[in-house]
Number of protein chains: 2
Amino acid sequence: MDLDALSRRSGEWLRGTGPESDIVVSSRIRLARNLAKYPFVARADDALKSEIEELLHTTLLKLPLPKRLDYVKVDQLESLDRQLLVERQLISREHAESEGARGVCISDEENVSLMVNEEDHLRIQVLHSGFSLDECWREISEIDDIIEESVTYAFSERLGYLTACPTNVGTGIRVSVMLHLPALVVTKEIHKVFGALQKINLTVRGLYGEGSQAMGDFYQISNQVTLGKSEEQLIDNLKAVVPNIINYERRVREALIKDRRQELHDQVSRAYGILRNAQTISSEETMHLLSSVRLGINLGLIDDLEIPTINELFIHTQPAHLQKLQKRHLESAERNVARARFLRHRLSGRS
Amino acid sequence: MDLDALSRRSGEWLRGTGPESDIVVSSRIRLARNLAKYPFVARADDALKSEIEELLHTTLLKLPLPKRLDYVKVDQLESLDRQLLVERQLISREHAESEGARGVCISDEENVSLMVNEEDHLRIQVLHSGFSLDECWREISEIDDIIEESVTYAFSERLGYLTACPTNVGTGIRVSVMLHLPALVVTKEIHKVFGALQKINLTVRGLYGEGSQAMGDFYQISNQVTLGKSEEQLIDNLKAVVPNIINYERRVREALIKDRRQELHDQVSRAYGILRNAQTISSEETMHLLSSVRLGINLGLIDDLEIPTINELFIHTQPAHLQKLQKRHLESAERNVARARFLRHRLSGRS
């Protein structure tokens, strides 16, 4: 797989074409699976990990899957390429940073990613643009079934799928949506949302998963429980809750545009101006300003830019992407200069 | 005189063509004169003020002066037009706000302004772009001589010209230069300059004279003493001191560009970006950002803008100018919106 080429294009999930994509950036489902005849990754020695990796690597590439897949041996990648895959949401930070034989199978459009020897032997992920949990579920079920025809998963009649971490036991499913909630953030209403979600066992995370800070007003909302409910129930739960958050964000946006249009217009225009003119800019400030601009586009306050461009910039201005573009290691200060140059270039010709 | 037309064009002194005009915006000399046979303005009743105004008005317009002059009866102007002349540096704030018959004679290029019934019966002002005190002196002496052929000034052999305020007695001269000192401000070296100037009896003021705050890093430096020295000595004094300040500012600019080029480039570029994109902006922020951009142009960090445009914007974004442009009274918040629109319009097409 050509990771240089990957760093310059974008996955389908950034295209901003799915339902409700002004607020729901992407929908994601992942399944945690393990092979019955091997110990969990944390319990496997190097030789065993290699054996598991070898087995899954070969199996996955031979599967009659509906999508063309490429396999990448993560342990053989440079640190920069591993970081690139993290920024791309194709592997987890844990997978990038762990030890031993491991890999990832990626589909052409980056909707499907199959991590081998992450916390579990196999992590199946399907990602789609917008609020598309049904599409994700259809696709991931099909993939899961096809894989299960070739391997034997660790499964208990009583508990369901067995996983390395008890929080995943049962369905092994995590259903999540990535929401852009700038209006709820600016009015501080977001805390009410967090409180309500916690009570119904949903988790909120930042752009890059567990422990990551919410940057650019992006929030990943996902199920906490995997046991005692069916996959469909867990998906239905999120499908029932998310529209309320979408409506809440929309109502607050409407109120903002009604009561503070001038101020909001000023804020998003200045953000756009700074992104097109800065000579050095941190990742944090970039996310913050891109979030403003994204809101501005969705509210019709900025009309010469499109959502996919902004979605892409969130990812392409991350450290590894910038370094891949420059084809060399960059210190933080150099990255800030490269990031500003990239933004000016990508946003130029729009005044 | 058509003040609507005036509000849309600029005086010669904003053209940025004079010597050292990267730092010295303009040079100015004014002479305070009074008529021998009348009491000072503060001591004259309305009838007397009208008589003085009538006399000087008629006399000034008949003089064989080298420039075409227009006369404006300041007491008959709307408050907005008076403010316009203040912003334009053609009359003082005191002249705009005082009572009774008073006027101002203005030359086509706005280099010459003759205020009638300000603090003194007559205040002669000559203003030029850049560091041009000799030019100002040649021109103002000639005007002063020509006027003196038609009227008798209050003059004492012992004291010199008699003026309403004792600080002007003697030569009645005030020699001043308007300096743009952003590098000395940003490095806080400016305080050393102030200290040094005070010791040698020079005064520092902001853009709009006595008591006004220095905005946009502009400082007016002028003589404090008018008695006991000849006009030439006072002018020579400023001519000797100002080059030191110019060199100091230049040295600090060079050091900044050497040591903090990236940071400086970022700062001036962002300032430019905000000016081209804000939807609402205060006068103070505008001055601050224009000052950055002016420095950026002078250091070659911004190459699609010229100094005269920026000099003009400092004046044309002032409250009265904006209101003349809109042909109506604007509240502060409306002015901020009008100012932002004007800036976007004037700076558009430059990306």
So in the range A:297-313, with the set limited to residues that are away from every other protein chain (no Cβ under 14 Å) and among the β-branched types (Val, Ile, Thr), which one is surrounded by the most Cβ atoms within 10 Å (Cβ to Cβ)? A:Ile310
Could you tell me whether the range B:59-69 includes any residue that is within 23 Å of the chain's Cα centre (by Cα) and crowded, with 21+ Cβ neighbours inside 10 Å? yes
Take the conditions more than 11 Å from every other protein chain (Cβ to nearest Cβ), crowded, with 21+ Cβ neighbours inside 10 Å, part of a helix (DSSP H, G or I) and of a type outside the set (Phe, Trp, Tyr) and apply them to B:Leu234. Does it pass? yes
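Which residue, of B:Gln76, B:Gln89, is open to solvent by 10 Å² or more (accessible area, probe 1.4 Å), modelled with pLDDT of 95 or more and not aliphatic (A, V, I, L, M)?
B:Gln76
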Looking at (1) basic (Lys, Arg); (2) within 14 Å of another protein chain (Cβ to nearest Cβ); (3) closer than 30 Å to A:Asp304 by Cα, which is the one condition that is false for B:Arg294? (2)
Return the residues of the range B:1-24 that are of a type in the set (A, V, I, L, M), in a loop (DSSP other than H, G, I, E, B) and farther than 23 Å from B:Asp75 by Cβ; say none if nothing qualifies. B:Ile23
Among the residues that make up the range A:25-48, is at least one of them in a helix (DSSP H, G or I), under 17 Å from A:Tyr153 (Cβ atoms) and in contact (Cβ under 8 Å) with a residue 12 or more places away in the chain? yes
Take B:Val268 and decide whether it is out of contact with any strand residue (DSSP E or B) (no Cβ under 6 Å at 6 or more places or on another chain), open to solvent by less than 60 Å² (accessible area, probe 1.4 Å), part of a helix (DSSP H, G or I) and of a type outside the set (Gly, Ala, Ser). yes
Need pairs with beta-carbon distance below 7 Å; first residue modelled with pLDDT of 95 or more and within the range B:232-246, second of a type in the set (Asp, Glu); sequence gap 6+ or separate chains. B:Ile246/B:Glu20
Return the only residue of B:Arg260, B:Arg294 being surrounded by fewer than 22 Cβ atoms within 10 Å (Cβ to Cβ) and either more than 18 Å from the chain's Cα centre (by Cα) or touching a residue at least 12 places away in the same chain (Cβ under 8 Å) (or both). B:Arg260
Looking across the range B:314-336 at residues that are buried (at least 20 other Cβ atoms within 10 Å of the Cβ) and not polar (S, T, N, Q), the single one that is nearest to the other protein chains (Cβ to nearest Cβ) is B:Arg335
From the options B:Ile190, B:Ile173, residue that is touching a residue at least 40 places away in the same chain (Cβ under 8 Å) and open to solvent by less than 10 Å² (accessible area, probe 1.4 Å): B:Ile173
How many residues of the range A:97-118 are over 19 Å from A:Glu54 (Cβ atoms) and either open to solvent by 20 Å² or more (accessible area, probe 1.4 Å) or without any contact (Cβ under 8 Å) to a residue 12 or more places away in the chain (or both)? The answer is 3
Just one of (1) modelled with pLDDT of 90 or more; (2) open to solvent by less than 30 Å² (accessible area, probe 1.4 Å); (3) not aliphatic (A, V, I, L, M) trips up A:Gly216, so point out which. (1)
Residue match in the range B:1-13 (condition: buried (at least 18 other Cβ atoms within 10 Å of the Cβ), over 22 Å from B:Gln323 (Cβ atoms), in the same structural domain as B:Arg174 (by TED's automatic domain parsing) and under 19 Å from the mean Cα position of the chain (by Cα)): yes
With the requirement that a residue be among the basic types (Lys, Arg) and facing another protein chain (nearest Cβ under 7 Å), what does the range B:254-273 give you? B:Arg270
Among the residues of the range B:211-228, is there at least one that is of a type in the set (Asp, Glu), more than 14 Å from every other protein chain (Cβ to nearest Cβ) and more than 12 Å from B:Leu179 (Cβ to Cβ)? no
Hits in the range A:274-291 - residues which are surrounded by 22 or more Cβ atoms within 10 Å (Cβ to Cβ), in a helix (DSSP H, G or I) and within 14 Å of another protein chain (Cβ to nearest Cβ): A:Ile274, A:Leu275, A:Arg276, A:Asn277, A:Thr286, A:Leu289
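The values are calculated or read from the model by the stated rules, or taken from the named source; none is laboratory data. Everything quoted here is computed from the prediction, not taken from an experiment. FYI the Cβ positions are ideal-geometry reconstructions off the backbone, even for glycines, and counts take in every protein chain you see. Just the protein is used for accessible areas: all its heavy atoms, side chains included, with ligands, DNA and RNA removed. Shrake-Rupley method; radii C 1.70, N 1.55, O 1.52, S 1.80 Å.
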